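To start, the structure itself, in structure tokens.
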Amino acid sequence: MFMETFAQTLCLQWLQAIRNKMKLINATLIFLSLLLLCPKNAAADGPGSGGRRIRIDGEAVDGYLIRVVTSPTPALVNNLYLEVRLTDAVSGEIITDAIVWITAISGDDSVDVQAKHDNAPNPDEYGAHIPIPYAEVWKIKITIDQGKADISFLERVSNPNSVGTIIAVGAPIAGLLILGILFYWLRPKLAEEFTEAPPSPD
């Protein structure tokens with residue numbers, strides 16, 4: 001009688017552990033699915049949308065510490081935003097009264113836009129939307145206070161339907177589909193395996 005009761009107790013604990021394991025697997029798959037949904041669309045519009053990328057981080061130029069962030073990632077035709085932060089290299093104070101111009105250069109073509117506080121997510125930064133007309137590697141030049149300081153970097157701009165953009169956008173979706181297939185493939189197999197009656201005790 002004792003052995004029978006003991007075996008039943010073990011079976012109940014075993015089944016409970018299996019149920020908990022199934023719940024853990026389900027919860028893990030749901031959590032991973034949510035993580036895959038979190039990345040922003042690479043073609044999203046607006047400063048910071050589609051993922052930010054720090055291009056210049058606190059580089060000292062003629063008394064300024066300059067930080068430049070671009071979005072989205074990858075940069076797209078007609079969809080490139082810059083956020084510029086200026087800090088006094090001596091005092092460490094953020095400079096908010098400078099005149100900042102952004103120039104995108106490719107061969108003989110150029111696009112000039114003034115960066116303003118109204119276009120930046122943070123009020124102490126300068127933001128600008130650069131309407132890049134075509135896919136190419138562009139030189140992005142930041143000019144401060146009419147040439148008092150300037151700095152530049154290269155930015156590859158892609159078409160929205162380019163292979164790189166499709167991969168950037170499609171990879172999370174593909175991962176989500178794989179997780180969904182894995183989820184429905186595992187559930188019946190685990191349920192069948194774990195709900196089998198345990199062997200009778202000797």
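The values are calculated or read from the model by the stated rules, or taken from the named source; none is laboratory data. Keep in mind the model is a prediction, meaning the values are calculated, not measured. Every residue, glycine as well, gets a Cβ built from its backbone with ideal geometry; the counts of neighbours run over all protein chains shown.
So which residues in segment 88-128 are closer than 16 Å to Ser71 by Cα and at pLDDT below 95?
Asn119, Ala120, Pro121, Asn122
Just to verify a result, which residue in segment 107-135, among those that are part of a strand (DSSP E or B) and surrounded by fewer than 16 Cβ atoms within 10 Å (Cβ to Cβ), is nearest to the chain's Cα centre (by Cα)? Give the steps one after another, and end with the answer.
Keep residues of segment 107-135 that are part of a strand (DSSP E or B), which gives 109-116, 126-130.
Next, from what is left, pick out any that are surrounded by fewer than 16 Cβ atoms within 10 Å (Cβ to Cβ): 109-110, 112, 114, 116.
Numbers: Asp109: 30, Ser110: 29, Asp112: 28, Gln114: 27, Lys116: 25 Å.
Residue satisfying both the conditions and the ranking: Lys116.
Condition (residue is closer than 20 Å to Pro160 by Cα and modelled with pLDDT of 95 or more) applied to segment 38-45: is it met by at least one residue?
no
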